[in-house]
Amino acid sequence: MAVKIERLVEKNGNYYWQPSKSLRDKGWESQKLGRNMAAAIERANKLNQDVDKWNAGGEKPAQVDRKAERASVAHAIRRYKAEDLATKAKSTRATYNSYLGMIEEWADEGRTPIRLIDRARCVVLKDALLKPPELGAFEANGRKLRAAGIDDDRAALWLAHHAGIDAAIALLTAPPLAWAKDVAPAILRKKELAIIHDERIYRLRVLCGREARPRLHRASGLLSVLKSLMKFALDKDMIDANPMADIEIPEPPARQQIIPAGARQAIAAVAVENKRASIALGISLGFNLMQREGDLLKLGAADFREMLPHEVPAEARASLLGRDGTVKGFTLRQHKTKVWIAVPIIGELRDEVDAAIAATRTDKVKPFNPSIIVDEDTGGAYPAWKFQRQFRRFVTIASERAAEAGDIDLANELADIEFRDLRRTGMVHMFELGVPDHFIAAVSGHTLERTKKILEVYGPRNTRMAASGVAMAVTQLKVRAEAEARQAGEQEQA
């Protein structure tokens, strides 16, 4: 072909308009132009003109974005969602979408050209995220409350912020509540102060959130997503370098709460009292199965089955038998390893599970695989948001009651509890009973390394543990000796 036209190529007598890889990545597609050279040249020139116009920010074919829009943060986010984020798990997409929305808002609602997001801008964002929030009136009121001899707790600050410092001090220090009512009658009608009882306010941190501190989890999450977005933009030739490449992302502290037995019982009691036995059952399952909340809410009756003899070691079977002489448990698929295992359920919890399954099968319409944790309002599975909201409500009530009873330690323990803490609590409970690390990891689904880290923080090292370890070894030796003797006797008889 004597004539040289940009992006026009000839193969086996056919002419093609063939854009570069960078143009193909941005939506331009190869075009077959036929065997007529004159027509092919005319069409190739027209397509090249379209590219030139597009590079100048003009109109473009339907499948190709405008040049100006393509360079924006909003466009990068749209492509990132469609080409990268779409392959991730649903929960991951939800988290990333939340952070991407914040990033888009930060970048002038996405209008900022992505090439202008340089390292300096990213450092400014990081510094802003790590700066503690301004306390304003809360901080000033806290100083006045302390000067009046009142502990600087969250509820006192909340009251001072909304009612005024003088009314707050009067309410919190006046011996007769009647006098306090005269000082701030409108404030006392607020529903948030319904926990006023006798002559004092029970001040709980749950009423007004946690103390002011840098939001490390938000900072870490947002900066990590921004780094991932910028790497994607670099891979797609939108930018020349990743501005987040060498910026250190803060590591938020790992959550370390353990839920004591008394706290678990207090929450479950409130749930049952409020006709939400499902939440109480969820607490028991979370503690004993040590699984993620989402996986627990998916459990159905079909997942609860008899465990076959080859699945249960002979020395363990006697301890796991139910009243009907069988061993039953839940079949679970570990979230990360994707391994299927069956975890036995014993004692009162097994009775509760049997009762829950029986209750779902009393209706005329019997579902094939009814949920174990049933939403009393709908008779079906709980949406995650609703289960969390109900659990949080009962935690708050239990915390308020503990404060009213004068058990401030329990009230504070309850104030910081989240459902996910049950998983860690169950692991520590098994460790205290002398269960080896790898057995605990088999149930919880954590890696052995992660299991060891958790137990290193919480696992007790004391005389009771030492005595339990020796006793377990002695017991296991006896069981093994008896099993070997039985096996030898059977061989002799044979």
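The values are calculated or read from the model by the stated rules, or taken from the named source; none is laboratory data. Being a predicted model, the structure only gives us computed values, none of them experimental. Using ideal geometry, Cβ is built from the backbone for each residue, glycine included, and neighbour counts are taken over all protein chains shown. These area figures cover heavy atoms from the full protein model, side chains too; ligands, DNA and RNA do not enter into them. Shrake-Rupley method; radii C 1.70, N 1.55, O 1.52, S 1.80 Å.
Summary of values
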read-out	value
Subset of region 348-366 that is modelled with pLDDT under 85 and loosely packed, with under 15 Cβ neighbours inside 10 Å - its residue that is nearest to F330 (Cα to Cα)	A358
Region 240-252 residues that are in contact (Cβ under 8 Å) with a residue 24 or more places away in the chain, paired with ones that are of a type in the set (S, T, N, Q) (beta carbon under 7 Å, 6 or more apart)	I249/S220; I249/S224; P250/S220; E251/S220; P252/S220
Any hit, region 16-30, residues being modelled with pLDDT under 80, among the charged types (D, E, K, R) and touching a His at 6+ places or on another chain (Cβ under 6 Å)	no
Boolean, S22 is closer than 30 Å to I239 by Cα, in contact with a helix residue (DSSP H, G or I) (Cβ under 8 Å, 6 or more places away or on another chain) and loosely packed, with under 15 Cβ neighbours inside 10 Å	no
All positions within region 83-134 that are closer than 15 Å to S220 by Cβ and of a type in the set (K, R)	K126, K131
Of residues in region 249-263 being open to solvent by 20 Å² or more (accessible area, probe 1.4 Å) and of a type in the set (G, A, S), the one farthest from the chain's Cα centre (by Cα)	G262
Qualifying positions in region 105-125 - in a helix (DSSP H, G or I) and either out of contact with any helix residue (DSSP H, G or I) (no Cβ under 6 Å at 6 or more places or on another chain) or without any contact (Cβ under 8 Å) to a residue 24 or more places away in the chain (or both)	E105, W106, R115, L116, R119, A120, R121, C122, V123, V124, L125
Those residues of region 374-405 which are of a type in the set (F, W, Y) and either within 17 Å of D295 (Cβ to Cβ) or more than 21 Å from the chain's Cα centre (by Cα) (or both), in sequence order	Y382, W385, F387, F391
Condition met for D409 (under 30 Å from A94 (Cα atoms), open to solvent by 30 Å² or more (accessible area, probe 1.4 Å) and either in a helix (DSSP H, G or I) or out of contact with any Lys or Arg (no Cβ under 7 Å at 6 or more places or on another chain) (or both))	no
Any pair with Cβ under 8 angstrom, 6 or more apart, that starts in region 36-51 at a residue that is under 18 Å from N14 (Cα atoms) and ends at one that is of a type in the set (D, E)	A44/E6
Check on A38, modelled with pLDDT under 85, assigned to a helix (DSSP H, G or I) and of a type in the set (A, V, I, L, M, F, W, C)	yes
Selection count, region 368-401, where residues are more than 22 Å from S91 (Cβ to Cβ), part of a helix (DSSP H, G or I) and open to solvent by 10 Å² or more (accessible area, probe 1.4 Å)	5
Breaking point among (1) modelled with pLDDT under 90; (2) at negative phi, for M290	(2)
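This table checks each residue for (1) open to solvent by less than 60 Å² (accessible area, probe 1.4 Å); (2) not in a helix (DSSP H, G or I).
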| residue | (1), (2) |
| --- | --- |
| S224 | yes, no |
| K227 | no, no |
| D240 | no, yes |
| M244 | yes, yes |
| I247 | yes, yes |
| Q265 | no, no |
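The rows are residues; the columns are (1) at pLDDT below 90; (2) among the acidic types (D, E); (3) open to solvent by less than 70 Å² (accessible area, probe 1.4 Å); (4) assigned to a helix (DSSP H, G or I).
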site: I279; (1), (2), (3), (4): no, no, yes, yes
site: G282; (1), (2), (3), (4): no, no, yes, yes
site: L285; (1), (2), (3), (4): no, no, yes, yes
site: A316; (1), (2), (3), (4): yes, no, yes, yes
site: D324; (1), (2), (3), (4): yes, yes, no, no
